[in-house]
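Presented below is the structure to which this report refers.
The values are calculated or read from the model by the stated rules, or taken from the named source; none is laboratory data. On a predicted model such as this, the values are computed, not experimentally measured, just so you know. Positions of Cβ are generated from backbone atoms using ideal geometry, with glycine treated the same way; all protein chains shown enter the neighbour counts. For the accessible areas, the whole protein counts, side chains as well, though only heavy atoms, and no ligand, DNA or RNA atoms are used. Shrake-Rupley method; radii C 1.70, N 1.55, O 1.52, S 1.80 Å.
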Amino acid sequence: MQIKTERLTITTFTPNMAQSVYENSQDDDTRRFVPDEVYDSAEEAREAIEFLISRYDSVDGPFVYPAITNDGGKNIGYVQLCQIDDGAWEIGYHIAKQFTGNGYATEAVKAFLPAMAEKLNVNEVYGICLAENVASECVLKKCGFTQVYRGIGNYQGKDAEIIKTVWR
C-alpha cells in the first residue's frame, strides 16, 4: 500500500524503520495514550514491525502503516485499522510529539480511512480515545466521526473516561 497526500506518504513498514519507531515511541504522549506501543529498544520495535508486516496479507489485521513525510522521508507516526468487539473496526493513529499540532494526523486519517474501508469492504469504523485527549477528539471530528458515547469504558485494559465515535 502507498497513499500519497500533500505532505505524507502512508506506506508499508520495513524492518529498517525500527530505530525511528523506537524513537517515536518514547515521547510522553505515547506513554500516556498508547502505552502498549512504547518499546524498550530498537530491537523490540523491529520485532513489532515484523509482526505488523506479517499481518498485511491477512483479513483481520491489524493493519498498521507508517506515515512518512514527503519532504525528507522522516517516519513521524502511523495510522491503523484493527478489529475490536464483534468484528467491528477501529481507527488508530499517533504522530510523534515533535510533529503534533501541524495537522498530520488529520491528513493521514482522511487519506487512509476511505482507502482501507474500500479494501476491507467496511462501511463503519469506530474511533475511541480518552476524554482527556482533546487533540485526538479533534482529529476524529475533522475526519467526519460522530460521537456516540462519552463515559466510563475500557481503554488499554483499564476503566477510564472515553469518547467513542463512529464514521459511516
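Quick notes on this one:
- Accessible surface of the chain, 1.4 Å probe: 46 percent of it comes from carbon and sulfur atoms.
- Extension gain, A115 back to Q19 (0.36 nm per residue minus Cα-Cα distance, nm): 31.8 nm
- Evaluating 6.51 cos²θ - 1.76 cosθ + 1.60 at θ = phi - 60° for every residue in segment 23-30, the Karplus couplings come out as 4, 5, 6, 8, 6, 4, 5, 4 Hz, glycine and proline recorded as x.
- Remark: spin-label model distance D36-C138 equals 2.7 nm, labels positioned 7 Å along the Cα→Cβ axis.
- Net lengthening on full extension, D85/V148 (0.36 nm per residue, minus Cα-Cα): 21.1 nm
- Neighbour net charge for A88 - beta-carbon separation under 13 angstrom, K R +1, D E -1: -3
- Relative to the Cα centre, the charge distribution of the chain, modelled as +1 at Lys and Arg Cβ and -1 at Asp and Glu Cβ, gives a dipole magnitude of about 640 debye.
- Most fluctuating residue given options V139, V59, V125, as computed from a GNM of the chain linking Cα atoms under 10 Å: V59
- Per DSSP, loop trypsin sites (Lys or Arg not before Pro) in segment 57-161 with at most 13 further Cβ within 10 Å: none
- Length added when fully stretched, E43-K74, from 0.36 nm per residue minus Cα-Cα: 9.2 nm
- Option label - log10 I(q)/I(0) by the Debye sum over Cα atoms at q = 0.10, 0.12, 0.15 Å⁻¹ computed here, alternatives (i) -0.34, -0.50, -0.82; (ii) -0.41, -0.59, -0.87; (iii) -0.67, -0.78, -0.94: (i)
- Mean sequence separation of contacting Cα pairs (under 8 Å, at least six apart), scaled by the length of segment 47-168, corresponds to a relative contact order of 17 percent.
- Annotation note: GluC sites (Glu not before Pro) in segment 91-135 located in DSSP loop regions with a Cβ neighbour count of at most 15 within 10 Å are E124, E132.
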